[in-house]
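J.: The structure's right below; bear with me while I get my questions together.
The values are calculated or read from the model by the stated rules, or taken from the named source; none is laboratory data. What you see is a predicted model; the values in this text were computed from it and never measured. Don't worry about glycine lacking a Cβ; one is built from the backbone with ideal geometry, like all the others, and counts go over all protein chains shown. All accessible areas refer to the heavy atoms of the entire protein, side chains included, with ligands and DNA or RNA removed. Shrake-Rupley method; radii C 1.70, N 1.55, O 1.52, S 1.80 Å.
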Amino acid sequence: MPSIRRRTLLAGLALVPTFGTVMPAFAAGVIDPLLQKAIDDPRRPAADRARDLYRHPGASLTFWGLRRGETVIDVNPGTGWWTDIIAPYLAASGGRYIAAGADLNNPALSAAARKDRAAFEAKYADHSAYGDVSVAGFGKVSGPLAPAGTVDLVLVSREVHNWAQVDGFVQKALGDFYAALKPGGVLAIEEHRAADGADPKKGDGYLPESFVIAEAKKAGFALAARSDVNANPKDTKDYPFGVWTLPPTLRSAPQGQPANPQFDHAPYLAIGESDRMTLKFIKPA
């Protein structure tokens with residue numbers, strides 16, 4: 001893999017080598033036209049495309065180093081925001097997309113989780129559009145996500161804050177990713193960013209960047225770079241219902257309670273989506 005200093009990044013992506021010296025932003029790079037085609041695909045739901053303003057899919061995936069023909073694991077893809085971009089891109093370039101989803105071998109798995117996985121599999125059954133999308137079971141007691149050392153990139157988008165609430169699960173998950181990745185493979189993490197020193201178990205959806213970096217290093221990964229492409233300085237991180245007060249969730253009552261029709265969402269819509277760390281780790285060769 002090329003060294004960090006030789007890699008071309010998009011304009012405005014701050015690159016930070018593992019030894020901590022901040023490098024200036026590089027000149028404008030180029031998003032793979034095939035990737036841009038997937039981002040612009042009209043089959044993507046309008047609501048998902050509207051979020052590109054905050055999630056910067058082309059810049060983020062280029063920063064993480066996604067390439068044609070790779071094997072990628074997308075962890076807990078939900079309804080497929082990233083799937084709709086990455087799966088067609090890989091299908092068109094000879095790559096492979098794997099979703100790390102609900103572990104059907106876990107007897108404690110909820111009926112809702114089983115239903116969600118079935119819905120995901122049904123949505124991406126069209127191989128002509130998305131390629132052979134497969135789902136590997138992932139959870140507290142799951143086995144390997146893929147044969148050891150066969151995956152080029154693992155994408156974890158806004159999930160670590162959930163795992164941090166379960167003792168030991170962050171390291172279990174990171175260990176799964178480490179085993180699946182090839183030497184030199186990439187662990188890509190996007191996460192709601194808390195202020196330095198915040199409690200990782202606070203449960204408001206935010207995590208300190210230092211916590212995520214330390215956990216990844218503990219699992220054997222090396223920090224290759226970090227970017228502020230998904231930063232939002234308007235995010236004050238002090239909301240009545242945590243990060244979910246902001247769009248796209250716009251929660252107006254405690255979780256599990258009916259929405260409050262009198263709640264004023266306007267201030268939170270003005271902030272936009274959360275301030276997010278964007279981190280790139282490497283499995284050492």
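J.: Which value, in debye to the nearest 20, gives the size of the charge dipole of the range 69-212 about its Cα centre, when Lys and Arg are +1 and Asp and Glu are -1 at the Cβ?
T.: It comes to approximately 320 debye.
J.: Once you have a ≥ b ≥ c as the square roots of the Cα gyration tensor eigenvalues for the chain, tell me rounded if a/c is under 1.5, and otherwise prolate or oblate according to whether a/b is larger than b/c.
T.: The shape class here is rounded.
J.: Student exercise: in the range 145-285, how many lysine pairs 8 or more apart or on different chains have Cα atoms under 16 Å apart?
T.: Close lysine pairs found across the range 145-285: 11.
J.: If you don't mind, there's one more thing I want to ask. What distance in nm separates the two pseudo spin-label positions at residue 166 and residue 265, each 7 Å out from Cα along the beta-carbon direction?
T.: Placing both labels 7 Å along Cα→Cβ, they lie 2.9 nm apart.
J.: Now for a separate question. Within a Cβ distance under 9 Å of residue 223, other residues only, what is the Lys/Arg minus Asp/Glu net charge? Let's see the in-between values first.
T.: Numbers: positive: 217, 226, 280; negative: none.
Summing Lys and Arg as +1 and Asp and Glu as -1 gives +3.
J.: Moving to a separate point now. When a/c is below 1.5 the answer is rounded, else prolate if a/b is larger than b/c, else oblate, so apply that to the range 162-263 with a ≥ b ≥ c taken from the square roots of the Cα gyration tensor eigenvalues. Could the numbers behind the result be given before it?
T.: Working: a/c = 2.40, a/b = 1.88, b/c = 1.27.
Prolate is the answer for the range 162-263, as a/c is 1.5 or above and a/b outweighs b/c.
J.: Then there is this: Hey, got a sec? Which trypsin sites (Lys or Arg not before Pro) in the range 29-104 land in a DSSP loop and have at most 13 other Cβ atoms within 10 Å?
T.: On the way: sites: 37, 43, 49, 51, 55, 67, 68, 96; in loops: 43, 51, 67, 68.
The qualifying sites are 43, 68.
J.: With a cut-off of at most 13 other beta carbons within 10 Å, and DSSP calling the residue loop, which chymotrypsin sites (Phe, Trp or Tyr not before Pro) in the range 34-85 qualify? Please list them.
T.: none
J.: Right, another one. Would you kindly find the accessible area of residue 178, with a 1.4 Å probe and non-protein molecules such as ligands, DNA and RNA excluded, rounding to the nearest 10 Å²?
T.: For residue 178, solvent-accessible area is about 70 Å².
J.: Quick one: putting +1 on the C-beta of Lys and Arg, -1 on the C-beta of Asp and Glu, what dipole do you get for the chain around its Cα centre, in Debye to the nearest 20?
T.: That gives the chain a dipole magnitude of about 520 debye.
J.: With a ≥ b ≥ c taken as the square roots of the eigenvalues of the C-alpha gyration tensor of the range 103-241, please select rounded if a/c is under 1.5 and otherwise prolate if a/b is larger than b/c or oblate if it is not?
T.: Cα axes put the range 103-241 in the prolate bin.
J.: Where the accessible area of the range 197-285 is counted over protein heavy atoms with a 1.4 Å probe, how much of it, in %, is carbon and sulfur?
T.: 55
J.: Pull up the cross-link candidates among the lysines for residue 37, meaning alpha carbon to alpha carbon under 21 Å and not fewer than 8 places away within one chain.
T.: Residue 37 reaches 123.
J.: Give me the extension gain from residue 110 to residue 218: residue separation times 0.36 nm, minus the current Cα-Cα distance, reported in nm with one decimal.
T.: Full extension of this stretch gives 35.8 nm more.
J.: Just from its helices, what would the mean residue ellipticity at 222 nm be for the chain, if runs of 4 or more DSSP H residues each count -39500 (n - 2.57) and the sum is divided by every residue, rounded to the nearest 500 deg cm²/dmol?
T.: On the way: 11 runs with 84 residues, N = 285.
My calculation for the chain gives -7500 deg cm²/dmol from helical runs alone.
J.: In Å², and per residue, what accessible area does the chain have when probed at 1.4 Å with the other protein chains present? Walk me through the intermediate numbers first.
T.: On the way: 12960 Å² over 285 residues.
I get 45 Å² per residue for the chain.
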